[in-house]
Every structure is written in C-alpha cells, then in structure tokens.
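Below: the structure, in structure tokens.
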Amino acid sequence: MANRLPLLITLAGVAVLFLSIVFVFALVLGAMFFDGIEFTGGHTDAMASGLAWGLVA
C-alpha cells in the first residue's frame, strides 16, 4: 500500500485539476448562453447605489 500512495496522491491532484477545468468551462458556457454571470450582485444595483450617493451629496 505504501508504494501506491504517490499514485493515489497524483490521481487525486489530477481529479481536482480536471474538476476545476470543468467548472471554468461550465462558467464560460453559462456566460455565453445566459447573458453573463454577475458575481457582485449586478451592475444595476451598483449604479443605483451610486446614484443614491450622488443625490445625497
């Protein structure tokens, strides 16, 4: 079992790398088909809060 440990660690690393590539691929496809992916809550929310701060000042 001890001589299989480096192989198992390598396979686990390859699996994590593969899953991260698949995740990025899914994000790109989602951005292409669903008009982008907004991680910050959306540009309209940011613009609305900016306008509110402009009106206060």
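The values are calculated or read from the model by the stated rules, or taken from the named source; none is laboratory data. Note that the coordinates shown come from a computational prediction; the quantities given were computed from them, not determined experimentally. Heads up, the Cβs are rebuilt from the backbone with ideal geometry, glycines too, and the neighbour counts pull from every protein chain shown.
What are the residue pairs meeting all of these: first residue in region 2-20, first residue modelled with pLDDT under 95, second residue of a type outside the set (F, W, Y), Cβ atoms under 9 Å, and 6 or more apart or on different chains?
none
Looking at (1) at pLDDT below 60; (2) surrounded by 10 or more Cβ atoms within 10 Å (Cβ to Cβ), which is the one condition that is false for G54?
Tallying (1) at pLDDT below 60; (2) surrounded by 10 or more Cβ atoms within 10 Å (Cβ to Cβ), G54 fails exactly one: (2).
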